[in-house]
Amino acid sequence: MSEIKPYGEWRSPISAARVAQGARSLSSVRVVGTDVYWLEGRASEGGRNTLLRAGAAPQEEITPLPFNVRSRVHEYGGGAYLATSEFVVFSHFADHQLHLQPFAGQVLALGNASTQRYADFIHDAQRARIIGVREDHAQSDLQPANTLCSLALDGSGAQSVLAQGHDFYSSPRLSPDGRQLAFLSWDHPRMPWQGTQLWLADFAADGALQNLRCVAGGAQESICQPEWSPQGELFFVSDRSGWWNLYRLDAQGAAHALCPREAEFGAPHWTFGEWMYGFVDSARIVASYIENGDSHLALLQADEAGNWSMQALPLDYTDIHELAVCGEQVALVAASPTIPLQVACLDLASRNVRVLASSIAELPPASYLSRPRSISYPSHGRTAHAMFYAPKNDDYQAPAGELPPLLVFIHGGPTGMASSNLRLPIQFWTSRGFAVLDVNYGGSSGFGRAYRDLLQGQWGVVDVQDCVAGAQYLAQQGLVDAQRLVIRGGSAGGFTTLCALAFYDVFKAGASIYGVSDLAALDADSHKFESHYNAYLIGPREQAQQIYLQRSPVHHVDKLKRPMIFLQGLDDKVVPPSQSETMVQALRQKGVPVAYLSFAGEGHGFRQAATIERAWEAELYFYAKVFGFTLADVVTPVQIENLPD
């Protein structure tokens, strides 16, 4: 029989330590022949990324300690390794050194690790080299030079710049005959999901590029993931219709939509190497797409006349992060409300699915797991979207008439997307009696370009309105306690959190995790990739100085009255610690209850198990003290300044 106990006081087997242990990230899946490769992030090893391989042989680790397979190009990285049938090339995070590791032979160092970083490699076998994105910090750490370059595979360190002059490059793709290279570029002030250019170039006899021509894209068109078909046709994803759809470039340079649909076959380029489609053969493509907040897998097939049709490939997954295709094998990084993030391999011929890795080694019993419900609700004349999780723990029920406290989760980006995949960090709260609303505010991905562009010039307005409206909607529906509404977010989500608490009297407490508080300071400290992003989100600084002041929470501390906790990595280069520390000091002097935890060795996103465990326990302790409930857990106390006894 269930025990009657107030929300927030329920005992749960999903401890902070379990969340930390289950924080194993899975990414960067590739298929080479019958072998599947992927990166696994291990919080137990200080957040180290290691490269794993599974195939005909048992699963093996390709990059043991001390290697950490991670890139810092654009600071967010991605595209940190290349796998072939004979070797792997990978970037070691500690010093940015590239290593070539043959499956038979000695490891070689490639490139210039002292000032240069590399990502997004391809193998140019004809010329015994790799081609990738290079970020050179020799002249400036804040404004490095980005180029496409080649690096010899003989360990000589020889490299050559193939394309330069644009602020950013990505996605070099070699034609099957090795004669042409396709790639993307974009320039300030645009981000890649606003406007990119797709280039095509021929190789000269010496391996340089010649006859460069822009074949698609522009200032208002976002192109992503160019790929060559096995017969040498160039395909790409474009949002020219308002949705990221697949296109084929014909011999005359015209682009043809394969299967037009109000769905997203692409995603914002925050990190390199995230693929969403691949070729089975010249007439068949496997693609994932997002529609109405969920991911789907489909087979696109061309008939003899070159017309493409699409059929569903039903799977249990509702959230597909990336995929890779080699022949009839499709490797996925995917999840669902009942399935944690997994690396899985689908055999197209048999439709059998093999699970190769899981982000959570052992799932809690279903009696402790809350399944999300996708909701849409009105917000200032538009419709916003979110995932709602009700409290779930079959060991308990709340006293009659009590409504649960609500945590509003805000994703980062701010172009991210709240998905339905099973995540222990959310279940940590719902199994203790909290409700959770994971908001896809205007500006989020997955709902088309018009929805994404709602945030243009409106950051700190539209996102805040949608989070406030979501909390109020649930309270009006009688699903949550209007007097115990909490808002929390990291990075851009931290900015939204601070704005919501400064400009609305709806939330009773908040948590900012490496959040932005001062837009002008963010511009001054920002790394190159995002150094002009505020021009889109807010407006050109020289024309919008007043808006910067109006929307920066640091200038409105007088309006902050609710208790807050701040969590910050001291090595964060994206949102420096000063952004949190300035707010903490101001709240401290104002007499508002405030707690601050900083973590040495952590950057933008916590990776170490000890940090993750401490962060979740601290936040839980903070809410318990603020709302006056008794924790079932024994946790290390957090110093909360200015909190009345």
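The values are calculated or read from the model by the stated rules, or taken from the named source; none is laboratory data. Since we're looking at a predicted model, the values are computed, not measured. No Cβ is skipped: glycine too gets one built from the backbone with ideal geometry, and neighbour counts run over all protein chains shown. Heavy atoms of the whole protein, side chains included, go into the accessibility calculation; ligands, DNA and RNA do not. Shrake-Rupley method; radii C 1.70, N 1.55, O 1.52, S 1.80 Å.
Among what's in the range 593-603 and is buried (at least 20 other Cβ atoms within 10 Å of the Cβ) and at pLDDT below 95, pick the residue that is farthest from A43 (Cα to Cα).
Only one residue tops the list, namely F599.
Looking at the range 81-115, which of its residues are in contact (Cβ under 8 Å) with a residue 24 or more places away in the chain, exposed (fewer than 14 other Cβ atoms within 10 Å of the Cβ) and within 17 Å of Y37 (Cβ to Cβ)?
Matches in the range 81-115: S85 only.
Collect the residues in the range 354-370 that are assigned to a loop (DSSP other than H, G, I, E, B), surrounded by 15 or more Cβ atoms within 10 Å (Cβ to Cβ) and out of contact with any Ser or Thr (no Cβ under 6 Å at 6 or more places or on another chain), keeping them in residue-number order.
S359, I360, L363, P364, L369
So, S44, is that one touching a residue at least 40 places away in the same chain (Cβ under 8 Å) and open to solvent by less than 50 Å² (accessible area, probe 1.4 Å) or not?
no
Does the range 191-214 hold any residues that are open to solvent by less than 20 Å² (accessible area, probe 1.4 Å) and either free of Cβ contacts under 8 Å to residues at least 24 places away in the same chain or within 26 Å of S445 (Cα to Cα) (or both), and which are they?
M191, P192, W193, Q194, G195, T196, L198
Kindly list, by first and then second residue, each pair from a residue in the range 469-482 that is more than 13 Å from S376 (Cα to Cα) to a residue that is assigned to a loop (DSSP other than H, G, I, E, B), limited to pairs with Cβ atoms under 6 Å and residues at least 6 apart or on different chains.
A475/A482; V480/L403; V480/P404; D481/L403; D481/P405
Within the range 449-463, is even one residue farther than 19 Å from I538 by Cα and out of contact with any helix residue (DSSP H, G or I) (no Cβ under 9 Å at 6 or more places or on another chain)?
The answer is no, given that none of the residues of the range 449-463 is farther than 19 Å from I538 by Cα and out of contact with any helix residue (DSSP H, G or I) (no Cβ under 9 Å at 6 or more places or on another chain).
Within the range 18-105, considering only strands (runs of 3 or more DSSP E) that don't extend past its boundaries, which have at least 3 residues that are over 20 Å from E135 (Cβ atoms)?
Ranges flagged: 25-32, 35-42, 48-54.
Taking only pairs six or more apart or across chains, which ones have beta-carbon atoms under 6 Å, a first residue in the range 551-566 that is within 19 Å of V462 (Cβ to Cβ), and a second residue that is modelled with pLDDT under 90 and aliphatic (A, V, I, L, M)?
What qualifies is S552/L519.
Can you tell me which residue in the range 433-469 is least open to solvent (accessible area, probe 1.4 Å), limited to those that are among the small types (G, A, S) and part of a helix (DSSP H, G or I)?
A469
Check the range 114-131 and report whether any residue there is at pLDDT below 95 and farther than 30 Å from D187 by Cα.
No - not one qualifying residue is present in the range 114-131.
Going by the conditions given, is S222 touching a strand residue (DSSP E or B) at 6+ places or on another chain (Cβ under 8 Å), open to solvent by less than 10 Å² (accessible area, probe 1.4 Å), polar (S, T, N, Q) and under 26 Å from H411 (Cα atoms)?
Yes: the conditions hold for S222.
When you scan the range 307-343, how many residues do you find that are charged (D, E, K, R) and open to solvent by 40 Å² or more (accessible area, probe 1.4 Å)?
Residues in the range 307-343 being charged (D, E, K, R) and open to solvent by 40 Å² or more (accessible area, probe 1.4 Å): 2 in total.
How about the range 544-641: which helices (runs of 4 or more DSSP H) wholly inside it have at least 1 residues that are under 13 Å from I513 (Cβ atoms) and among the hydroxyl-bearing types (S, T, Y)?
Passing ranges, in order: 578-590, 609-627.
May I ask you to verify whether Q483 is more than 17 Å from V436 (Cα to Cα), assigned to a loop (DSSP other than H, G, I, E, B) and among the polar types (S, T, N, Q)?
For Q483, the condition - more than 17 Å from V436 (Cα to Cα), assigned to a loop (DSSP other than H, G, I, E, B) and among the polar types (S, T, N, Q) - is not met.
N421 passes all but one of (1) farther than 25 Å from Q21 by Cβ; (2) in a loop (DSSP other than H, G, I, E, B); (3) not aliphatic (A, V, I, L, M); which number fails?
(1)
Which residue, of A361, A384, A357, is of a type outside the set (D, E), within 27 Å of the chain's Cα centre (by Cα) and closer than 30 Å to V280 by Cβ?
A357 is the lone residue from the list that is of a type outside the set (D, E), within 27 Å of the chain's Cα centre (by Cα) and closer than 30 Å to V280 by Cβ.
Going through the range 156-174 one residue at a time, which ones are open to solvent by 10 Å² or more (accessible area, probe 1.4 Å) and out of contact with any Asp or Glu (no Cβ under 8 Å at 6 or more places or on another chain)?
Passing the criteria: S156, G157, A158, Q159, S160, V161, L162, Q164, G165.
Per-residue answers, yes or no, for (1) at pLDDT below 95; (2) open to solvent by 10 Å² or more (accessible area, probe 1.4 Å); (3) in contact with a Phe, Trp or Tyr (Cβ under 8 Å, 6 or more places away or on another chain):
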| position | (1), (2), (3) |
| --- | --- |
| R134 | no, yes, yes |
| Q143 | yes, yes, no |
| D154 | yes, yes, no |
| G178 | no, no, yes |
| P189 | yes, yes, yes |
| W228 | no, yes, yes |
| L234 | no, no, yes |
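V31 - would you say it is under 23 Å from K573 (Cα atoms) and either out of contact with any Cys (no Cβ under 7 Å at 6 or more places or on another chain) or touching a residue at least 60 places away in the same chain (Cβ under 8 Å) (or both)?
no
If I filter the range 111-122 down to residues being out of contact with any Asp or Glu (no Cβ under 9 Å at 6 or more places or on another chain) and in a strand (DSSP E or B), which single residue comes out as farthest from E135 (Cα to Cα)?
I122
Mind checking which pairs have a first residue in the range 358-383 that is among the basic types (K, R) and a second that is part of a loop (DSSP other than H, G, I, E, B) and open to solvent by less than 30 Å² (accessible area, probe 1.4 Å), Cβ under 9 Å, 6 or more apart or different chains?
Filtered contacts from the range 358-383: R371/P337; R371/S420; R371/L422; R382/G442.
For the condition at pLDDT 90 or above and open to solvent by 30 Å² or more (accessible area, probe 1.4 Å), what is the one hit in K561, K528?
Only one candidate passes the filter, namely K561.
Between a first residue in the range 271-287 that is assigned to a loop (DSSP other than H, G, I, E, B) and a second residue that is open to solvent by less than 40 Å² (accessible area, probe 1.4 Å) and of a type in the set (S, T, Y), which pairs have beta carbons less than 7 Å apart while being 6 or more apart in sequence or on different chains?
Correct list of pairs: G273/S28; M276/S288; S282/S229.
Among all residue pairs at least 6 apart or on different chains, which show Cβ distances below 6 Å where the first residue, located in the range 494-523, is open to solvent by less than 10 Å² (accessible area, probe 1.4 Å) and the second is acidic (D, E)?
T496/D463; A511/E619
Which condition number in (1) closer than 22 Å to P563 by Cβ; (2) part of a helix (DSSP H, G or I) is the one that Y473 fails?
Every condition holds for Y473 apart from (1).
Can you find even one residue in the range 73-80 that is touching a residue at least 40 places away in the same chain (Cβ under 8 Å) and among the hydrophobic types (A, V, I, L, M, F, W, C)?
yes
Spot the failing condition for Q543; the list is (1) open to solvent by less than 40 Å² (accessible area, probe 1.4 Å); (2) modelled with pLDDT under 90, and only one is missed.
The number of the failed condition is (1).
Tell me which of these A119 doesn't satisfy, since it passes every other one: (1) on the phi > 0 side of the Ramachandran plot; (2) touching a strand residue (DSSP E or B) at 6+ places or on another chain (Cβ under 8 Å); (3) not polar (S, T, N, Q).
Failed condition: (1).
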